[in-house]
Each structure stands twice: as structure tokens, then as C-alpha cells.
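Taking it in order: structure first as C-alpha cells, then the write-up.
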Amino acid sequence: MDRHALHQPSSSSSSIPATANTVWTDASPLLEVACKDLRDGELIHVDNFNLYAAMSALEIMDPKMDSGIVNRYCSVDEAIEDGVAPVPISTDKTTDVQCMIDIMDHLLTCEATWHKGHSLAQTVFSCAYLLRPERTSSHALLHSYCKVIRATCKAVITVVSDARTHEEEDLFTMAYGLPLSGDGDEKCLSLLNAVEENISRQLRACKAPSSKRKPLEDIEPLQTNFDLEEGYCKALLCRLRFRKHFFHVLTCMRRPQGRGLELARKHIASCISELGVILKSAEFLMSNAHGTCEDATEDRTTASGHQAIGFDASLNSRISAPTPPRSIKILSWKKAIEYFEKLLHDLDIICSYPLDPSLEVLLRFVAQFQKAQPDLVARAHLQLLLVQDGKLYGKCPMFSLIIRAARLPEVFLHHDIQKNEYVVQLGQLVINMLKILCTNAAWQRRKLGKILQDWRVIYVQIELAFRKDFGEGSSISNGDNASARILKHILIWVDEQTYWISHRFLILGFELELYSPSEYCMVYWYLYVVLIRLAEKTHLKMTVSDGSAKQKGKKRKDSPKELARDAKIPPAISFLQCQICLAEGLTVLLAALRNELMVLQSPSPFNSEHEVKYVLMYMVVNIIIHLNNKEMFQNIIEFQLIKRGNNGYSLHK
């Protein structure tokens, strides 16, 4: 073949036909001459080419960079002309039904692969039937199924986009101009119901006794082999019903204020039931499959093991050209079934949550839910359920949530202090925290580390506003000053919540396996300290709340104030406690690991454990001397003198 003819595409085969303003020119000779003169690492570029442009440059003929090189077809129309997606699929009705079931199964595996974070263009919309919806109108079963697939993809993209729980580098929500909305897609369920009813009649006809078949002869059979009619009808019905119920699940869960959760649970149960029937149909489909089956049984993407018709992963490579083509391995059919079973189980857990207005109960539920490692779609639905229009569940204002969390009486739910600038900011922080808790573990930990400072800043701002408006000596038990009481309780709660976020941040490090064995001791010490402070703040919040309730109607000026003062531990004493806890933790940990597991036998930076104890005690004494606490110093000296006789070491001056 002439080389010029090979590289110069005709207007009929090219996706960009030649016009009066475009002329196709063969650039191969120029590229060959340039390649001979270029050395490794050199680049042909214009004068205004810079480093930023180099990061976005494409390397021609590199399969990982040049999205056009791996193209089998230049356009979808060219693939259709080549017979990739015939309509009807086959002139033989039995083969047509078999191929239709294979298309359904492969679309299911593509959808599960897409949910796992791959591109929609290279997974679900690698199906040529979805890219040209008008072509399937003559095939009722295929047409209705493609419509509900497009509607489902659109619903999932809307949920994830609204929740913004997808990762930054993820291509999940990018549609690349794909036909997600076709004419009449809003009526996809009515079309699917009509097809389902027709196949149900066919199933009843083939199951009817021979004496009753004559009145049903007007019903056209699904395919020509009567012995296989019942099996194919059941295989199609369970797949159609799964699609119908799954779409109902997505729509019901989007109803405002959780009104559709009860109905969604019923559809979830139906989906799980239909998945079980789909699994059982595999044996029948494999035993009656025609044609060449896929080599690896475990990696097959259809129940029959037959390769599905109408799919080509390179069909959309041109519309996704700004991103290098990814190498995608479609999930197997069994793994796709397992994915949807887990997704439905996670959605059922969300729907079963009683929408408790208590923040403490909510945080405990979300933390427990995240232990199951839910995927993106489930997490997106959870976030949209929790936060709607800036309110919890779309009906509970953030201020009322804070009032309950701070254990304040409900009489303060409509207090004017909710319009305070810092209280409004605090409500936004609570919303952000709830959204962060619905992200994946890696992003959750990263974001929690960042908002810790925001919670500390809002604490300082509220505290300064409290001192400015009410002064240092304000009493929270004064019933005439409700604003002071509210701010005082909120301050205690904000402090407690800050330690809860710190605890969650440390725990996520274990789930993500970020800590090395040498860091375990330090991390557990951090946890020990954080939990102590969290317990103190929680106890203080409960005590102050109970104390306020008991003192209702009685005016004691200093009881709650003194109680808060007693619960507050000075920083110097906290530092000493941390040092003691560290020494104790290190000693117990080292002793357990060495005596029981015989690990961590590496030499210590000190000569012996005796000197480790000596150095730690030396640090404690120096701190006490610095604090000028003679009584505590004397107690330490006496303690060491008693110990000297037993352990054989002394404290030097």
C-alpha cells in the first residue's frame, strides 16, 4: 500500500473530515528526519514552550501518552459500520437472547469497575449500543435496558458530584460529553416494566400445562427452542428486575429528609434477592452457551463465559484525549456480583439508621460504618443524608445540634445567640466535619489534621468574645444571663470535640497502616494522653450540665465555677503526667516485647536500663526544680532514698 495513502485518512474514515478550511498533510517524513537528529532527552518545541507546557505535552506513538495510537476505530460510526454492534444482535432468536444476556452481564461488570474509580468512557460507555441510543429502538429489550443503564449512571454521577466525596485524581464524575441523557430516558422504568411484563407472560406460557397452552399460542416465544424457554425467561427477568429495583433504590434515597429510606430498604432486599437468582442462572447459561468461551473461567465477565458483543474500550479514546489512556482490567462477573452485594448491604445500613439528632450517636455510627470500608457510592449517599441544605437530615439546624451536644436545655434552641458570628462559624465547622467523616480513610485523616487548627481557633474566638461580653467573673448559673451560660457550655463542648477529632486522627493511622513498629509506643502514648483529656472534658461537660440542672432555682455564685476550676489541670502538671506515662509505657512495652516475643533486642542508646531510669528521673527533677516546687522535690528525694536500698542506684545532685 502506498505510504501516503496509509497516513492520509479519507474524509469517510476520519473523525475530522476534510473541508474547505482543513487540509490533511502527511507529517511522517518530517518526523523521521527529526528523529534522526534528536538525541535522548531532546524535544522539538517552539520558542514560547515552557516547563508547564512540558508537563501537559503528549509523546507521539507512546501507548501510555498518545490516546490515538491504540485506536482500532477512528469513530463510533466506523465501528458500527464494521459490525461491532449489530441490531438485531442475531437473526437466530436463541442466539439473540444469549447475546443479550451476555451484554447485560458485561455491563454489570463494567459498572462495578466504574464504581471502583475507573473512567466511565472506558467502562460502561465502551458499549457501542449506549453511544448510539437511536439504533436500539427496534429491539425493545435492548432499548429499554440501555435506557435504564444511562439513567442509573446519571443518578450515580449526580449523587457523587453533589457530595464531592470522590478523590481529586479520580475520573469518576467526568462524563466527557457522553450521551447520559437520551430522548425518553425519564420513562425508562415504564419501558422496562412493559418488557418485564411481556417476558413474564412468556414464562407463564411455557410453564403452563399442555392442555392450557392453546389459549396462550398468541404469545410469541422468546426463542425457538421450547426446552430452553423457561431458563432464558428466568435469566432475563432476574436481570431486568435487579435493574428496576436498583434504580428505585437510588431515587428513593435521594428524597429529602430521609423520607424514602423505608421504601429504599424494600427495594434493596429485592435487589439482593435478584442477585441470588442471577448467580443461580450461571449454570444454565454455561451449559447452553454457544461460540467461543473466555479462556480464564475465574476472570470471565459474563455468566455464560461467552464474550459480549458490542464492546470496545478504545471507542471513546478521542473524547478523553486530555488524559492519558488508562490500562483497565474489567472486574470478573463474580466479583461484580460481590461488589453490588456489598454496596447494597452498606446502603441498607444507611437506610436503617434511625436519624438520631444526637451528635454523639451520629459520630459513633459514622465511625462504625467506616470500619466496613464502604465504597464511593455508599459514602456519597451517607453524606447527602446527613447534610441537606445546611441542616442535619435536612430538618435539624446546626445550632440545635450543638445545643444538644453541649447538654443544654432545649429551651435555648431558639435563643438569639445562634446569630452570633462565631456560633455560625462553629455550625459550619460541624458541617465540614460531618462531610469529612464520609470521605475515604486517607482523605479523612488528611482533612481531620487540617481542621484541628480551625476548631482550636474557633475555641479561642468564642472564649475571647465571652470574656469581652461577660468578663472573667461571670457565673454560668445565673439564670438572668442565658447567653453566658450557653457560651460556657459550648466552650467545654468545643474543647471536647477537638480531642475527639485528635483521637479519630490517630486511630485512622492504624487503619491506613501508616505507623512503623518503632512508632507504636509514641502513638499509643499520644492516644493515652488524648483519651485522658477527652475523658476529662466529657466528665466536665456532664458534671456542669448536671450541676446546672440541680442548681436550677438556686443562686449559688461559685459552685459550677469552682467545679470547672477543679477539673482544669495546670499545663505543668499535665506535662509531668505525660512524662510519667511515657516512662511507664516504655518500660512495660520493652519488657513485654523482650520477655515474651524476644524482639527489639537492638542495643539501647544508653548503657543499660538502669541509666534510662536515671535519665528520666533526672528530667523530672529538673522540671520540678524549674517550677520551684520544694515540697514535690522533697517527696521525690525521699522516694529515691527508699528505693536506693533495694535497687542499688541513687540520685546524684
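At a Förster radius of 22 Å, what calculated FRET efficiency corresponds to the Cβ-Cβ distance of Asn193 and Ser75, to the nearest 0.05? Kindly include the intermediate steps, with their values, before the conclusion.
On the way: r = 35 Å, r/R0 = 1.58.
My answer for the efficiency is 0.05.
I need the phi-derived Karplus couplings for segment 335-343: 6.51 cos²θ - 1.76 cosθ + 1.60, θ = phi - 60°, integer Hz, Gly and Pro marked x.
Ordered by residue, 3J(HN,Hα) equals 5, 5, 4, 4, 4, 5, 5, 5, 4 Hz.
For a 21 Å ceiling on Cα separation, which of these pairs sit above it: Lys244/Lys266; Lys395/Lys488; Lys244/Lys435; Lys234/Lys342; Lys468/Lys488?
In this structure, Lys395/Lys488; Lys244/Lys435; Lys234/Lys342 exceed 21 Å between Cα atoms.
Where does each of 456-468, 523-535 land if you order them by average Cβ count within 10 Å, highest first?
Per-residue Cβ counts within 10 Å, averaged per peptide and sorted highest first, yield 523-535, 456-468.
Rounded if a/c is under 1.5, else prolate if a/b is larger than b/c, else oblate: which is segment 225-296, with a ≥ b ≥ c the root eigenvalues of its Cα gyration tensor?
Prolate, because a/c is 1.5 or more and a/b exceeds b/c.
Taking amide H positions as placed 1.01 Å from N in the peptide plane, with prolines and chain starts having none, which residues 5 or more places from Gln388, or on another chain, fall under 5 Å of its amide H?
Residues meeting the criterion, in which the H sits 1.01 Å from N, are Tyr393, Gly394.
What number comes out for accessible area per residue over segment 402-455 if the probe is 1.4 Å? Units Å², please.
For segment 402-455, the solvent-accessible area averages 48 Å² per residue.
Translational diffusion coefficient, Stokes-Einstein: compute it for segment 77-208 using the Kirkwood radius over C-alpha pairs as Rh, at 20 °C and 1.002 mPa s, and state it as an integer in µm² s⁻¹.
Here the translational diffusion coefficient equals 133 µm²/s.
Distance between Cα centroids, segment 24-51 to segment 521-543: provide it in whole Å.
Taking the Cα centre of each part, segment 24-51 and segment 521-543 sit 63 Å apart.
The values are calculated or read from the model by the stated rules, or taken from the named source; none is laboratory data. What you see is a predicted model, and the numbers here were worked out from it, not measured in a lab. Virtual Cβ from ideal backbone geometry, glycine too; neighbours counted across all protein chains shown. The area values use the complete protein model at the heavy-atom level, side chains included, leaving out ligands, DNA and RNA. Shrake-Rupley method; radii C 1.70, N 1.55, O 1.52, S 1.80 Å.
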